[in-house]
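The values are calculated or read from the model by the stated rules, or taken from the named source; none is laboratory data. Model, not experiment: these values are computed from the prediction. Note that each Cβ is placed from the backbone with ideal geometry, even for glycine, and that neighbours are counted across all protein chains shown.
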Amino acid sequence: MIRKLQKSDIDRAAEIWLNTNLKAHDFISEQYWRGNFDIVKEMFPQAEVYVYESDGKMHGFIGLDGEYIEGIFVSDEMQSRGIGKALLDYAKSRKSELRLNVYRKNIRAIRFYQREGFSVRSEGLDEAVGEKDFLMIWKK
């Protein structure tokens, strides 16, 4: 089931956010992610976040800012089970266009988004971490 984030979900969402970033972005300092943990946790209540839940437990979420995907995060033990695709499909059903940035070194994510109809539009640099990234766009 996909539903809107509730206040009671914030601790679990923050845990998934941190663990997923540490695993997917091992080319970025662990301290960067840990240093942003509290800030991200505080932002959850103001953000447009949809969670994937089954058997009463949250296994992932997607964060949106209008048509921009801030990220799709799935717990380590539930990855490669269609949860990320389900969250993305949910967002696609609500928007006519979606954009996101993905690090060039995150090949797994780039392939996922390309399979889901996104295309690379431009290349940039995330100055906060010094890593190159791609802007990817999907249109209905």
Inset, instruction - Restrict the check to region 2-17 and report whether at least one residue is within 21 Å of Ile137 (Cα to Cα) and under 16 Å from the mean Cα position of the chain (by Cα). - result: no
Inset, instruction - Output yes when any residue across region 9-21 is modelled with pLDDT under 95, touching a strand residue (DSSP E or B) at 6+ places or on another chain (Cβ under 9 Å), farther than 22 Å from Gly130 by Cβ and of a type in the set (A, V, I, L, M), and no when none is. - result: no
Legend entry - Selection from region 67-85 of residues that are among the small types (Gly, Ala, Ser), surrounded by fewer than 21 Cβ atoms within 10 Å (Cβ to Cβ) and touching a residue at least 12 places away in the same chain (Cβ under 8 Å): Gly71, Ser75
Inset, instruction - Give region 97-125 a look and list any residue that's closer than 21 Å to Tyr32 by Cα, over 16 Å from the mean Cα position of the chain (by Cα) and surrounded by 12 or more Cβ atoms within 10 Å (Cβ to Cβ), or say none. - result: Gly124
Inset, instruction - Restricting attention to region 4-19, report how many residues are touching a helix residue (DSSP H, G or I) at 6+ places or on another chain (Cβ under 7 Å) and part of a helix (DSSP H, G or I). - result: 7
Legend entry - Residues within region 23-32 that are closer than 16 Å to Ile72 by Cβ and either at pLDDT 95 or above or in contact with a strand residue (DSSP E or B) (Cβ under 9 Å, 6 or more places away or on another chain) (or both), tallied: 2
Inset, instruction - For residues that are at pLDDT 95 or above and among the charged types (D, E, K, R), scanning just region 98-110, find the one that is farthest from Glu67 (Cα to Cα). - result: Lys105
Legend entry - Every residue from region 11-65 that is among the aromatic types (Phe, Trp, Tyr), out of contact with any Leu (no Cβ under 8 Å at 6 or more places or on another chain) and surrounded by fewer than 19 Cβ atoms within 10 Å (Cβ to Cβ): Phe27, Tyr32
Inset, instruction - Run down Gly60, Gly117 and say which single residue is modelled with pLDDT of 95 or more, under 22 Å from Glu15 (Cα atoms), in contact with a Phe, Trp or Tyr (Cβ under 6 Å, 6 or more places away or on another chain) and not hydrophobic (A, V, I, L, M, F, W, C). - result: Gly60
Inset, instruction - Output the qualifying pairs, or none if there are none: Cβ atoms under 6 angstrom, residues six or more apart or on different chains, first residue in region 103-120 and more than 23 Å from Asp26 (Cα to Cα), second residue surrounded by 15 or more Cβ atoms within 10 Å (Cβ to Cβ). - result: Glu116/Leu88; Gly117/Trp138; Phe118/Met136; Phe118/Trp138
Inset, instruction - Look at region 65-86 and say how many of its residues are within 20 Å of Leu18 (Cβ to Cβ) and charged (D, E, K, R). - result: 4
